[in-house]
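The values are calculated or read from the model by the stated rules, or taken from the named source; none is laboratory data. All values reported here derive from a predicted model rather than from experimental measurement. Cβ coordinates were reconstructed from backbone atoms using ideal geometry, including for glycine residues, and neighbour counts include every protein chain displayed.
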Amino acid sequence: MTREVTTEKGATETEPNPADEARARLGSETSEASQELAPREFTDATRLLIEEGGVLRLPESAALDVDPDEFDFAEGDTMIINLGPQHPSTHGVLRVMLELRGETVLRAKPVIGYLHTGMEKTGEQLTYLQGTTNVTRMDYLSPLSNELVFSLAVEELLGVQLPPRATWIRMLMTELNRINSHVTWAATNGMDLASTTMMIFGFRERELLLSFFEKTTGLRMNTNYIRPGGVAADLPDGWEDDVDAIAETIALRLDDYDELLTGQPIFRERTEGVGVISPEMCLAMGATGPILRASGVPWDLRRSMPYLAYDEVDFDVIVGTVGDTFDRYAVRLNEIRESIRIVRQVLDKMPSGDYRAQDAKVTPPPRARIDESMEALIHHFKLFTSGMEPPEGEVYVAVESPRGELGCYMVADGTNKPYRMHVRAPSFVNLQSLPPLLRNSLIADTVAILSSVDPVLGEVDR
Amino acid sequence: MTETAPPATGVVAPASVAHGIAGLGDVPVSFSRGQEVLHPARDRYVAVAQALKEAAFVTCSDLTATDYLTAQEARALPEGVTAERFEVVTTLLSHERRLRLRLRVQVPETDATCPTLFFLYPGTENLEREVFDLFGIDFVGHPDMTRILMPEEWEGHPLRKDYGMGRVPVQFKDAPGPR
Amino acid sequence: MVEKSSFEWKGLESLSHNFLTGRLEDFVKWSRRNSMWPTTFGLACCAIEMMAAGAADYDLARFGMEVFRPSPRQSDLLIVAGRLSQKMAPVLRQVYDQMVEPKWVISMGVCASTGGMFNNYAIVQGVDEIVPVDVYAPGCPPSPQTLIHSILTLHEKVRTGEITQRRRARAGGAAVDLSSEVAGWTQPLPQPVRIGTPR
């Protein structure tokens, strides 16, 4: 095959193709190397995603009206419909634009921003002590994880060491929070798959945990309990009995869930084989948490890059095989069991001592001492009006929230407020996996898949 | 390699991992609280990320930006790095090494663009859109450079330091401005 | 030119009261407040507490309200639960407009009532800038008990007829055109929430 080359004068002349000459010389075919379609197992996830990822690239305000007169089912027309932002699937204000051919989803586009609260800008206006009230409202199903990551970032910047009891209390509260979040997820997931009983069961369990949180922290949700320097207050008397009762009751109730959902044929048919994602795709999309573990990658920050005292407790990392919706459900359910295991070990091993760092620049003095000591009063005043001032620097810390890797990138400029506070929200990044997951599924599966991704729109939109 | 701040108590500053990775060239490296930070120039950004991807940094944890309009003196950068108004901060994670590396790319105000990492790490799609939405930094080559959090017709980039808070006056607290 | 009919339908309250119509009106109000179905409009953290109020421990079913209808056309009550962002405001108005009269709005939580702790560019400072609100429930998030208190306050307002009269004076919804001199009634000042459960 020859190639035509146009010279500057406009005349065309043909040039012998070097490939022809080479072929003639070598007597064999040339290869197009990277231009050939490689077998699937050698095609990396990025290329697969770009070729067939199923992302609908359409502006949000594009016309979504379907003219029924022009729509022809027989010809295989596609239509674009809207799911949300107000819809009964109780995962918050998420809008998904779907391109459908009949019942099959071809392409999808999640549209977010309906809950954008400007929390990162608010974080620049609040002091380090006030900052936890802001971040706790991001992932409102696991507020203690948000507070934990913010406090860890501030403590890295300050360079304070915490007493062991503070660390173990934090671990207890975040694991109880994980149980709470997964139980709520199981409840709403069951509700989305039309098992209303599961909703009632899940919220019943949730009340047990919420009353413990209220007893310890003062609030059911959005607790502002884990603060830089430790925790706000010590565990109340009798907490061991409460936690023991919680652990026992929930372990028994998990058997109820197994009976209600895991063994039930309708649930299994609706979730098995639905919304499969490969490990390479998960890693390429940055998905973390149960989505990544269900697809087979054994990555859990508590085990791989331990923080708090997770290297001193014994627990398993639950890993799935297929990466479908059922695996994600099973991973979360078993993570509840593992969290109960951790909670029991914390019960046994909880050290005594201070529940917050005894550094007057970081933690306020006990309220009783304010009446007695002038210095205590001054420290209290300084801390609550202006607060701690970490030296300049930047840091990124991450914890394993029930949804995945929750990170906080904080830049300090020497004043009492962060210069930049960014939270890496797991659901924000996990939502990118939604188009590949939804591709070629049915509309009925859309809800199941969306629910199994477990987005919490508070942290998606911040 | 410069030590920008003392690491957390009891932690020894780790040896630089970046110096052991092929293909990075002579990227300036610094440490902040014991965490390693690379400062590639904007035109070397994708090449550095590619080299790190081949060195088993399998996933991009986070991609965000900072506006240093009001704190130019506050940050300590290694030699060879000119400070600009914006910085794009990318965190890459390696499962094998159990390590994170941060890349900080300086982006000037007058030419607020940056190459995209979408073709290396598709998981940066939403993250880069968010940076565009809130800071106004355009990512060259991104398939869908539109607003993601604010409404489509919103004007302005909220997380910039010269964008006001948008407060309304309330009792005992007058109108706009930081607290 | 068509002669205007001398009969104008002014709603139940305008019927001259005798024993029968009085009982009918009470019956209508009873049925309205005992089966006031909410729309699912949970936005943020308050939505979780709203779901908890609907669940077993704080059962809303005893008030006839456990059915959260996804379709606004089939519901009476809009509980705006959570912070309303600028992008979501047109959606709220659209959902409110799709509801049929009589309809009520409870603004649940401080973010919905006044913007809450988020006094910034992104959050609408109170949903009463978008929809008329009947009861404000404070809290961050309000516990299910607070939400139930606000619901019972609304029921009380429906029982005394206060709410329905206000709708009429504002000529809201259902394309009914009324002038205030016909009604002979002026809007009272809003009442603060009473301490203690209403009867």
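Observations on the structure shown:
- With respect to the conditions (1) over 16 Å from the mean Cα position of the chain (by Cα); (2) more than 9 Å from every other protein chain (Cβ to nearest Cβ); (3) buried (at least 24 other Cβ atoms within 10 Å of the Cβ), A:E394 falls short on a single one, namely (2).
- Condition met for A:A187 (touching a residue at least 12 places away in the same chain (Cβ under 8 Å) and surrounded by 19 or more Cβ atoms within 10 Å (Cβ to Cβ)): yes
- All positions within region A:81-137 that are closer than 20 Å to C:L84 by Cβ and of a type in the set (D, E, K, R): A:R95, A:E120, A:K121, A:R137
- Residue check for B:T82: crowded, with 17+ Cβ neighbours inside 10 Å, under 30 Å from B:G20 (Cα atoms) and not aromatic (F, W, Y): no
- Residue within region C:134-151 that is closer than 15 Å to A:T122 by Cβ, of a type in the set (V, I, T), in contact with a helix residue (DSSP H, G or I) (Cβ under 8 Å, 6 or more places away or on another chain) and in contact (Cβ under 8 Å) with a residue 40 or more places away in the chain present: no
- Residue match in region A:163-177 (condition: polar (S, T, N, Q), touching a residue at least 60 places away in the same chain (Cβ under 8 Å) and not in a helix (DSSP H, G or I)): no
- Of all residues making up region A:369-385, the number that are surrounded by 17 or more Cβ atoms within 10 Å (Cβ to Cβ) and in contact (Cβ under 8 Å) with a residue 12 or more places away in the chain: 3
- Summed over region B:125-150, residues that are touching a helix residue (DSSP H, G or I) at 6+ places or on another chain (Cβ under 9 Å) and either facing chain A (nearest Cβ under 8 Å) or without any contact (Cβ under 8 Å) to a residue 24 or more places away in the chain (or both) total 13.
- Residue match in region A:438-455 (condition: within 8 Å of another protein chain (Cβ to nearest Cβ) and buried (at least 23 other Cβ atoms within 10 Å of the Cβ)): no
- Selection count, region A:195-232, where residues are of a type in the set (V, I, T), in a helix (DSSP H, G or I) and closer than 28 Å to A:V397 by Cα: 2
- Residue within region A:370-377 that is farther than 12 Å from A:G229 by Cβ, touching a Pro at 6+ places or on another chain (Cβ under 9 Å) and either among the small types (G, A, S) or at pLDDT 90 or above (or both) present: yes
- From A:Y409, A:Y419, residue being aromatic (F, W, Y) and over 29 Å from A:S452 (Cα atoms): A:Y419
Quick grid of which residues meet (1) more than 14 Å from chain C (Cβ to nearest Cβ); (2) surrounded by fewer than 24 Cβ atoms within 10 Å (Cβ to Cβ); (3) on the phi < 0 side of the Ramachandran plot; (4) not aliphatic (A, V, I, L, M):
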{"site": "A:L144", "(1), (2), (3), (4)": "no, no, yes, no"}
{"site": "A:S151", "(1), (2), (3), (4)": "yes, no, yes, yes"}
{"site": "A:L176", "(1), (2), (3), (4)": "yes, no, yes, no"}
{"site": "A:N224", "(1), (2), (3), (4)": "no, yes, no, yes"}
{"site": "A:G230", "(1), (2), (3), (4)": "yes, no, no, yes"}
{"site": "A:P236", "(1), (2), (3), (4)": "yes, yes, yes, yes"}
{"site": "A:D241", "(1), (2), (3), (4)": "yes, yes, yes, yes"}
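- Condition met for A:V362 (within 14 Å of chain B (Cβ to nearest Cβ), under 30 Å from B:R104 (Cβ atoms) and not in a loop (DSSP other than H, G, I, E, B)): no
- Enumeration of residues in region A:209-257 that are of a type in the set (D, E) and touching a residue at least 12 places away in the same chain (Cβ under 8 Å): A:D234, A:E240, A:D242, A:D244, A:D256
- Members of region C:84-115 that are of a type in the set (G, A, S) and either surrounded by fewer than 23 Cβ atoms within 10 Å (Cβ to Cβ) or farther than 24 Å from C:K157 by Cβ (or both): C:S85, C:A89, C:S113, C:G115
- Restricting region C:106-128 to residues that are in a helix (DSSP H, G or I) and free of Cβ contacts under 8 Å to residues at least 40 places away in the same chain leaves a set whose member that is nearest to C:C46 (Cα to Cα) is C:V110.
- Considering region C:48-59, and only residues there that are surrounded by fewer than 22 Cβ atoms within 10 Å (Cβ to Cβ) and in contact (Cβ under 8 Å) with a residue 24 or more places away in the chain, the residue that is farthest from the other protein chains (Cβ to nearest Cβ) turns out to be C:Y58.
- The residues on offer are A:L252, A:L261, and the sole one that is within 23 Å of A:V183 (Cβ to Cβ), more than 14 Å from chain B (Cβ to nearest Cβ) and at pLDDT below 90 is A:L261.
- Residue within region A:333-349 that is crowded, with 22+ Cβ neighbours inside 10 Å and basic (K, R) present: no
- Any hit, region B:29-41, residues being modelled with pLDDT under 85 and closer than 29 Å to B:Y163 by Cα: yes
- Considering region B:28-41, the residues that are in a loop (DSSP other than H, G, I, E, B) and either among the hydroxyl-bearing types (S, T, Y) or in contact with a helix residue (DSSP H, G or I) (Cβ under 6 Å, 6 or more places away or on another chain) (or both) include one that is nearest to B:T82 (Cα to Cα), namely B:P40.
- For beta carbons closer than 8 Å, sequence separation of 6+ or different chains, a first residue in region B:48-69 that is away from chain A (no Cβ under 11 Å) and a second that is of a type in the set (F, W, Y) and buried (at least 24 other Cβ atoms within 10 Å of the Cβ), the qualifying pairs are B:A49/B:Y121.
One line per residue, one yes/no per condition, for (1) more than 14 Å from chain B (Cβ to nearest Cβ); (2) assigned to a loop (DSSP other than H, G, I, E, B); (3) touching a residue at least 60 places away in the same chain (Cβ under 8 Å); (4) of a type outside the set (A, V, I, L, M, F, W, C):
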{"residue": "A:P298", "(1), (2), (3), (4)": "no, yes, no, yes"}
{"residue": "A:R303", "(1), (2), (3), (4)": "no, no, no, yes"}
{"residue": "A:P306", "(1), (2), (3), (4)": "no, yes, no, yes"}
{"residue": "A:I318", "(1), (2), (3), (4)": "yes, yes, no, no"}
{"residue": "A:G323", "(1), (2), (3), (4)": "yes, yes, no, yes"}
{"residue": "A:A330", "(1), (2), (3), (4)": "yes, no, yes, no"}
{"residue": "A:I336", "(1), (2), (3), (4)": "yes, no, yes, no"}
{"residue": "A:S339", "(1), (2), (3), (4)": "yes, no, yes, yes"}
{"residue": "A:I342", "(1), (2), (3), (4)": "yes, no, yes, no"}
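- Within region A:90-125, tally of residues that are assigned to a loop (DSSP other than H, G, I, E, B), farther than 12 Å from A:D461 by Cβ and at the interface with chain C (Cβ under 9 Å from one of its Cβ atoms): 2
- Answer residue from region C:24-47, given it is surrounded by 24 or more Cβ atoms within 10 Å (Cβ to Cβ) and either aromatic (F, W, Y) or part of a helix (DSSP H, G or I) (or both) and is farthest from the other protein chains (Cβ to nearest Cβ) among those: C:C46
- Check on B:T91, out of contact with any Pro (no Cβ under 9 Å at 6 or more places or on another chain) and of a type in the set (S, T, N, Q): yes
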